[in-house]
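Q: The structure is given below, and queries will be raised subsequently.
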Amino acid sequence: MSMENNQSRTVYDDDIVKKFIYAALIWGAAAFAVGLLAATQLAYWQANFNLEWLTFSRIRPLHTNAAIFAFGGNAIFAGIYHSSQRLLKTRLYSDSLSSIHFWGWQLIILAALITLPLGFSQSKEYAELEWPIDIAITVIWVIFAINFFGTIAVRRVKHLYVALWFYIATILTVAVLHVVNSIEIPVSYLQSYPVYAGVQDALVQWWYGHNAVAFFLTTPFLGLMYYYIPKAANRPIYSYRLSIVHFWSLVFIYIWAGPHHLLNSALPDWAQTLGMVFSIMLWAPSWGGMINGLLTLRGAWHKVRTDPIIKFLAVAVTFYGMSTFEGPLLSIKSVNSLAHYTDWIIGHVHGGTLGWNGFLTFGMIYYLVPKLWNTKLYSQRLANNHFWIGFFGILIYYISMWASGITQGLMWQSIDANGQLAYPDFVETVIKIVPLYYARAIGGSLFLIGFILMLINMWKTISLAPKGQDEQQVDMSNITMDEVAGTGHRKLESLGAVFTVLVFIAILVGSIIEIVPTLAIHKYLPDANKVRPYTPLEQAGRDIYVKEGCYTCHSQMIRKLDFDVIRYGEASKLEESMYDRPFQWGSKRTGPDLARVGGKYPDMWHYRHMIDPREITPKSIMPAYPWLDNKKLDYQILRRKLSVMKRLGVPYDDETVANADIIAEKESLELFNALLEQDPSLENIKDTQIIALISYLQSLGKK
Amino acid sequence: MKQSALSYFQYPEMVLVPLILFFVFFMLLLFFITRPKNRELFKKMEKMPLEEEETNNESIE
């Protein structure tokens, strides 16, 4: 703290805001570029380059994490730090904490950038990072929280504007979500098993996953909306009352909506219904918020045509409205049975991220940079071009994914007069949508090109700004203070605290009622239904499946829907994944479901298919995994892995744990010999990872 | 029998619990925002983001 709170002048810390803006711009470019690469790989499989660290299934988590936590994260930190100082009329609580927050977060991103392509992944969506990074995230988040709540504590005004409420809810809930979903036991420096298994892991993960959308991509951005739209339009928010209802309803309802990611699955019905009902309810407060944002612009509509900032903000809020309309729609079980696992969901997500998060951030940055550098925007025209190119990019992206998703959904469902699948060969449904993948890549390119225009514009704006300015001092003497630090200060702090506790209760009630019953579910499974645990080699193969990120294209959850059952076999049951750490139910079927693929093909089929999918299925878009048949499997670590599993309740006997490596070696040798007999040229694949993977694939649905 | 019923924990009434909770909560919320006493407060609050400009601009040293 460079300034005492009770002085009449203060200097806001805008340096930290600038740093976070730089970071958001740099990581944004990386996140969008990697997204474009991933999109291209689905259209044109050759773009996987047969390189393990460039393969779709490793790149896709890099893209999602970079977009959410690197681009989105740095953007919200910039906005939160900038607006909070102004709303609280004080400098940030601690310069050193700000600095640790900034550099810590960048290091975490760097760690993600290195570990994800190398295949260190927990394969739980948006929670892929391994345990040491999880711990680092917790530490840095706590530092952010101390800095933020510290600033609230030393504020010069009594009341907390609604934007700050959204920030508080964000900080609190993200902490709870991250910690609960990341409880895992390490088996090595960069690998761990979650304590939850199967359905528990699924529920906890989607409670986390959905609320990452809610509390990382929605509440903080709504806070920014409630601050920057009034700023840009220079008029107060349309209805403060509505913003209060918006806030509390969102916080209360959102936390329940997670199970809409698991509709028609083996998750108990009551939890599915809960997820569906609360998702539909979400529509009301979300639209309340959108209307509130848009009506704030009433009277400033003429600016929508001329002012790129207002343009970005208005369209962002419209996309917020669109996504929050579509989300509840997709949560209706019948709609979901068509849309789930398809690209419709990908379209939905990008309407939200590119349209809402992206455009809001762009609007905010176009507003902030000239202000912070005390200059004018270099080019309005470039900004307008950015807007239009980006906007068309989103439209093309969205429409192509919508078309692709509905096409997939309808083809998967379609059953002919004889009660047979009209498209029994999965790859037919893939070939059909490949042109749309090209269209999507074009949409993504446009979005990226628009963003590059922004980078140029920002670079020019900043480099032309007047140099050598002192930090601005802000006069606080005429702030109509309700209270000044010292007198009555405790009371103020406690008000903020009461508020925080209320938010905490709202999110905790939902979480506990929803999750706790499921945590006990495996205990009540009848013994007769229980399945055998994975053999050591199968477990090793499973870990490779997890490491490679096959879940980015394959599900392992056959829904209780006729067309799913006809195509893939009996609907998946809870007990079948009860030892799965992490669960791999998946969320997207770019390839077919694998829950019952065991025994469907001979081992040799899998071998050939993994090394070169096109040798088996000529039009396949699955990447090749040629490195799997020259990398050796680590047998030694299996003892530790099985002993961790045993500690977590998997019924391995002591002998199996103690001899896990020897057992696995024997299993592997058998499979290898059988393959060698059919093809003597395979002598080099002894003890390689692919053998473990095949053994795992063959166990699916066979236990 | 009881065991296998428990195993799938079918408990549709469960959905009512949060719904009732939310209903009560929402009523309290409506009560709070419509209280005439709070009107002044909201007027003051909605101006907060706009206040800063006046103090900020003139203070460049």
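Q: May I ask you to say which residue of A:Ser681, A:Ser695, A:Ser620 is modelled with pLDDT of 95 or more, of a type in the set (Gly, Ala, Ser) and under 29 Å from A:Thr40 (Cβ atoms)?
A: Only one candidate qualifies: A:Ser620.
Q: Let me ask another. Can you name every residue in segment A:230-239 that is at the interface with chain B (Cβ under 9 Å from one of its Cβ atoms) and either part of a helix (DSSP H, G or I) or acidic (Asp, Glu) (or both)?
A: A:Pro230, A:Lys231
Q: Can you tell me which residues in segment A:248-260 are closer than 20 Å to A:Leu172 by Cα, in a helix (DSSP H, G or I) and more than 9 Å from chain B (Cβ to nearest Cβ)?
A: Of everything in segment A:248-260, those that are closer than 20 Å to A:Leu172 by Cα, in a helix (DSSP H, G or I) and more than 9 Å from chain B (Cβ to nearest Cβ) turn out to be A:Leu250, A:Val251, A:Tyr254, A:Gly258.
Q: Separate question: Kindly check whether there is at least one residue in segment A:13-21 that is within 24 Å of A:Val546 (Cα to Cα) and assigned by TED's automatic domain parsing to the domain that holds A:Tyr437.
A: Looking through segment A:13-21, none of the residues is within 24 Å of A:Val546 (Cα to Cα) and assigned by TED's automatic domain parsing to the domain that holds A:Tyr437.
Q: Okay, next question. What helices (runs of 4 or more DSSP H) lie completely within segment A:329-419 and have 1 or more residues being modelled with pLDDT of 95 or more and more than 19 Å from A:His261 (Cβ to Cβ)?
A: Output list reads A:359-372, A:380-413.
Q: Suppose we filter A:Val245, A:Val213 for residues that are more than 12 Å from chain B (Cβ to nearest Cβ) and of a type in the set (Val, Ile, Thr); which single one remains? Steps first, answer last, please.
A: Numbers: A:Val245 fails: more than 12 Å from chain B (Cβ to nearest Cβ).
Answer to the selection: A:Val213.
Q: For the structure I just gave you, tell me whether A:His246 is more than 20 Å from the chain's Cα centre (by Cα) and either surrounded by 24 or more Cβ atoms within 10 Å (Cβ to Cβ) or at pLDDT 95 or above (or both).
A: Yes.
Q: Which ones in segment B:25-36 are more than 12 Å from the chain's Cα centre (by Cα) and within 11 Å of another protein chain (Cβ to nearest Cβ)?
A: Scanning segment B:25-36 gives B:Thr34, B:Arg35.
Q: Inspect all residues belonging to segment A:266-285 and state whether any of them is over 26 Å from the mean Cα position of the chain (by Cα) and either within 18 Å of A:Ala506 (Cα to Cα) or within 13 Å of chain B (Cβ to nearest Cβ) (or both).
A: Here is the first cut: in segment A:266-285, the residues over 26 Å from the mean Cα position of the chain (by Cα) are none.
Taking every residue of segment A:266-285 in turn, none turns out to be over 26 Å from the mean Cα position of the chain (by Cα) and either within 18 Å of A:Ala506 (Cα to Cα) or within 13 Å of chain B (Cβ to nearest Cβ) (or both).
Quick grid of which residues meet (1) crowded, with 23+ Cβ neighbours inside 10 Å; (2) within 23 Å of A:Leu382 (Cα to Cα):
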position: A:Met276; (1), (2): no, no
position: A:Ile280; (1), (2): no, no
position: A:Pro285; (1), (2): no, no
position: A:Leu294; (1), (2): no, no
position: A:Lys311; (1), (2): yes, yes
position: A:Val315; (1), (2): no, yes
position: A:Ser334; (1), (2): no, no
position: A:Trp344; (1), (2): yes, no
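Q: I want to confirm something. Restricting to segment B:5-18 and keeping residues that are out of contact with any Phe, Trp or Tyr (no Cβ under 8 Å at 6 or more places or on another chain) and facing another protein chain (nearest Cβ under 7 Å), which single residue is modelled with the lowest pLDDT?
A: B:Tyr8
Q: Of A:Leu354, A:Leu360, A:Leu313, A:Leu372, which residue is closer than 15 Å to A:Trp388 by Cα and within 14 Å of chain B (Cβ to nearest Cβ)?
A: Just one listed residue meets the conditions, A:Leu313.
Q: Taking A:Gly150 as the residue in question, decide whether it is crowded, with 22+ Cβ neighbours inside 10 Å and either touching a residue at least 12 places away in the same chain (Cβ under 8 Å) or not hydrophobic (A, V, I, L, M, F, W, C) (or both).
A: No: the conditions fail for A:Gly150.
Q: Please verify whether A:Pro613 is out of contact with any helix residue (DSSP H, G or I) (no Cβ under 6 Å at 6 or more places or on another chain), closer than 18 Å to A:Ser681 by Cβ and not assigned by TED's automatic domain parsing to the domain that holds A:Ser192, treating the condition exactly as stated. Outline the logic, then answer.
A: Numbers: out of contact with any helix residue (DSSP H, G or I) (no Cβ under 6 Å at 6 or more places or on another chain): yes; closer than 18 Å to A:Ser681 by Cβ: no; not assigned by TED's automatic domain parsing to the domain that holds A:Ser192: yes.
The answer is no for A:Pro613.
Q: Out of A:Ser2, A:Ser8, which single residue is touching a Lys or Arg at 6+ places or on another chain (Cβ under 8 Å) and either modelled with pLDDT under 95 or within 14 Å of chain B (Cβ to nearest Cβ) (or both)?
A: One residue alone meets the criteria, A:Ser2.
Q: Which condition number in (1) surrounded by fewer than 22 Cβ atoms within 10 Å (Cβ to Cβ); (2) in contact with a Ser or Thr (Cβ under 6 Å, 6 or more places away or on another chain) is the one that A:Trp270 fails?
A: (2)
Q: Can you tell me which residues in segment A:586-642 are among the small types (Gly, Ala, Ser) and within 31 Å of the chain's Cα centre (by Cα)? I'd like the intermediate steps shown before the answer.
A: Of the residues in segment A:586-642, the ones among the small types (Gly, Ala, Ser) are A:586-587, A:591, A:595, A:598-599, A:620, A:624.
Hits for segment A:586-642 are A:Gly586, A:Ser587, A:Gly591, A:Ala595, A:Gly598, A:Ser620, A:Ala624.
Q: Additional query: Of a type in the set (Val, Ile, Thr), buried (at least 19 other Cβ atoms within 10 Å of the Cβ), over 18 Å from the mean Cα position of the chain (by Cα) and more than 30 Å from A:Tyr635 (Cβ to Cβ), is that true of A:Val174?
A: No, not satisfied.
Q: Residues of segment A:565-592 being without any contact (Cβ under 8 Å) to a residue 40 or more places away in the chain and either within 14 Å of chain B (Cβ to nearest Cβ) or not aliphatic (A, V, I, L, M) (or both), which ones? Can you show your working first?
A: Just the residues of segment A:565-592 that are without any contact (Cβ under 8 Å) to a residue 40 or more places away in the chain, to begin with: A:565, A:568, A:570.
Result: A:Tyr568, A:Glu570.
The values are calculated or read from the model by the stated rules, or taken from the named source; none is laboratory data. Keep in mind the model is a prediction, meaning the values are calculated, not measured. Glycine gets a Cβ as well: all are built from the backbone with ideal geometry, and neighbour counts include every protein chain shown.
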